[in-house]
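Here's the structure, in structure tokens; my notes come after.
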Amino acid sequence: MKYLSLVLGNIGGTLLLMVRALKYTPTLPRQFPRFIEQCYLVGFTTLPIVTILSFFIGSVLALQSGYSMENFGAKQFIGTLVGLTMARELGPVMVAVLVTGRVGSAITAELASMKVYQEVDALVTMNIPPERMLVLPRLAAIIVMMPILAVIANLCGWYGGALVCQYTHFISVDSQAYFAALKRFMEPKDIIDGLLKSEVFGFVIVLVCCYTGLSTRGGPREIGAAVTKAVVASLILILVLDYFVTKLLLFTT
């Protein structure tokens with residue numbers, strides 16, 4: 001019962017933080033330099049690892065699909081399988097996981113250290129709301145950058161799959177046939193659904209990490225514990241939300 005009340009308290013605190021941060025949305029134009037800085041930290045610094053991992057995930061997916069489909073003569077549909085899987089599931093989920101490890105942990109560590117060393121209290125003393133200065137620019141940056149990262153992940157995964165299909169001897173599907181199958185069975189809604197999922201994941205990740213960092217209590221030792229807590233909670237929420245958001249998007253088809 002105590003654990004349940006703690007979980008509900010954290011959920012309520014996170015929602016209140018979201019409401020307080022969004023209340024300062026009209027001040028965002030005045031924080032444009034801070035917003036650009038967060039876009040750089042969220043997007044550009046995460047781009048290399050997203051590119052590399054997406055390429056090889058698409059490659060492995062095509063390799064496994066080609067090995068399985070070779071037995072019943074469906075190799076021409078590998079492009080469809082890789083395209084849909086990357087666009088609807090693996091692209092958004094993988095980007096969210098990478099953002100959690102690369103960006104979410106850094107946000108939690110920064111805000112937790114500011115809280116432990118009373119820098120957040122200093123902002124409150126100077127009548128500067130932490131939600132306006134520390135939370136809102138990060139939420140705005142993740143909303144802008146997550147779809148971009150998801151699109152790049154999709155493209156890298158598709159091209160990785162195309163290279164594997166063309167240059168693996170037991171698959172031998174040329175890139176034109178691969179992309180023809182990808183275009184034939186994919187619809188714009190498949191890509192849009194994946195982008196919507198990435199937006200939801202990114203927003204939740206930043207919100208959870210900001211709340212965990214700002215609610216840290218104790219000494220420097222608690223900073224590491226806060227980072228672990230935020231990353232684990234974000235990863236769990238990504239998988240839970242993935243099911244419900246997918247079901248909602250399929251239901252509204």
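Any read-out appearing in this document is the output of simple, stated calculations on the displayed coordinates, not a laboratory observation. Remember, predicted model here, so these are calculated numbers, not experimental data. All Cβ positions, even for glycine, are placed from backbone atoms using ideal geometry, and neighbour counts span all protein chains on display.
Peptides 50-60, 4-14, 151-161, ordered by how many other C-beta atoms sit within 10 Å of their residues on average, highest first, read 151-161, 50-60, 4-14.
In this entry, the chain is assigned a mean projected area of 16.3 nm², taken as a quarter of its C-alpha convex hull surface. Mean sequence separation of contacting Cα pairs (under 8 Å, at least six apart), scaled by the length of the chain, corresponds to a relative contact order of 33 percent. When the label point is put 7 Å from the Cα of residue 106 along its Cα-to-beta-carbon vector, which residues of segment 49-76 have a backbone N closer than 20 Å? The answer is 49-54. Hey, what angle do you get for helix 105-116 against the long axis of the chain, alpha-carbon based, 0 to 90 degrees rounded to 10? For helix 105-116, the angle is close to 10 degrees.
Which lysines have a Cα less than 16 Å from the Cα of residue 75, not counting those fewer than 8 places away in the same chain? Filter leaves 183. Under the rule a/c < 1.5 gives rounded, and otherwise a/b versus b/c splits prolate from oblate, where does segment 1-87 land using the Cα gyration tensor? Cα axes put segment 1-87 in the oblate bin.
Among the chymotrypsin sites (Phe, Trp or Tyr not before Pro) in segment 167-246, those located in a DSSP loop and surrounded by at most 13 other Cβ atoms within 10 Å of their own Cβ are 170. Straight-line cross-link partners of residue 189 among the aspartates and glutamates, defined as a Cα under 14 Å from its Cα and at least 8 positions apart when in the same chain: 89.
Taking a straight line from the alpha carbon of residue 23, these lysines sit under 26 Å away, with near neighbours fewer than eight places off in the same chain left out: 115, 197. Measuring r between the beta carbons of residue 217 and residue 24 and using R0 = 30 Å, the FRET efficiency lands at 0.75.
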